[in-house]
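Trainee: This is the structure I have questions about; it appears just below.
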Amino acid sequence: MKNIDKKKIIRLAVCVAVLCFLIPLGFLTKIFNFSRLGTDIGLTFGKIAKLLIMALAVIAFETLIVILLKLINPKNHHAKTLISITSSILKYVAVIVIVCWGLTIIGVNVSTVFASVGILALVVGFSAESLIADVVTGAFMLFENQYNVGDIVEVDGFRGTVSDIGIRTTCITDPGGNIKIVNNSSMKNILNRSDNASRSVSDIGIPYETDILKLEQEIPRLMQEIYEKHTDLMKKPPVYLGVSELGESAVVLRFVVEVEEKDIYTGARTLNHDLWIALRSVGIEVPFPQIDVHSK
């Protein structure tokens, strides 16, 4: 079993143990006796203890549900998205429950408070326009199935795998492990590349005096040799696409190789390295910028 699964199981066991302790304690301290809550307003040592027990119980229960959801680990990307968003919603719900229940324990009539702060909520709603936009956009994204957890996307030039989708933000992790956190309302002009293979690209120059027709006859053999050395990295032999550019000092050839998304940069470095060695083995040196000086 993987370490990450062991950690989840340990957290699950801890949450269950905490709940087994807190639930009987809650009944003993009459936290769950709702008929007697809200009868008197004020803070006492007993109420503070009840607040702590209640908050710990809600947090433990929320953590337990989230761990159980993550243990499911479905292969379907849309199912992973539903689990990710549900986990995010549960965190907000837990906070709201703690606040409302805590006010009730203190003795505050929550329904009266909510009715009296209606105008204030309206003002806050306008000031939290971006927050509302993030939540609404997240909901539409879920229903429209624009992208899911596990999809490969590109946003504003940042390419990576969607690792988490929350009610407000989306996390994208690139092959280097860098995480970009984007507000859902900012997830515009997305390139979803999940249906396209991940390819590493290598542009390498050769001198203009090279017999390119002769070189192109050698390329299939060189590509097969490179692939056989890196079958653990490359899914298929590299592919020669042709002349990419006629540069100032070299004819630039383009090669691509299909790899896993996490190996996209490693594949490019490996391909550059092996192409340079392969070209030298057939007598072709990679050129560098030079200046020709003509004098009379």
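Read the figures in this text as sums done on the coordinates, not as results from a lab. Nothing here was measured: the structure is a model prediction, and the numbers come from that model. Counting neighbours? That spans all protein chains shown, and the Cβs are built from the backbone with ideal geometry, glycine included.
Trainee: If R0 is 22 Å, what FRET efficiency do you get for SER244 and ASP174 from their C-beta distance, rounded to 0.05?
Mentor: 0.35
Trainee: Would you mind ranking ASP203, ASP232 by Cβ crowding within 10 Å, fewest neighbours first?
Mentor: ASP232, ASP203
Trainee: Classify the stretch 135-192: rounded, prolate or oblate, from the alpha-carbon gyration tensor (a ≥ b ≥ c, eigenvalue square roots; a/c under 1.5 rounded; otherwise prolate if a/b is larger than b/c)?
Mentor: prolate
Trainee: Continuing with this model, one more query. Hey, what do the phi angles of the stretch 154-171 turn into as Karplus ³J(HN,Hα) couplings, whole Hz, using 6.51/-1.76/1.60 and θ = phi - 60°, x for Gly and Pro?
Mentor: Each residue of the stretch 154-171 in turn: 10, 10, 6, x, 9, 10, x, 9, 5, 9, 7, 10, x, 5, 10, 10, 10, 9 Hz.
Trainee: Next question, about the same structure. Sort VAL243, VAL256 so the one with the fewest other Cβ atoms within 10 Å of its own Cβ comes first.
Mentor: VAL243, VAL256
Trainee: With Cβ to Cβ distances under 13 Å as the rule, what net charge do the other residues near THR161 carry (K, R +1; D, E -1)?
Mentor: Computed value for this residue: -2.
Trainee: Would you mind classifying the stretch 178-296 by shape? Square roots of the alpha carbon gyration tensor eigenvalues, ordered a ≥ b ≥ c; an a/c under 1.5 is rounded, otherwise it is prolate if a/b is larger than b/c and oblate if not.
Mentor: In terms of gyration-tensor shape, oblate.
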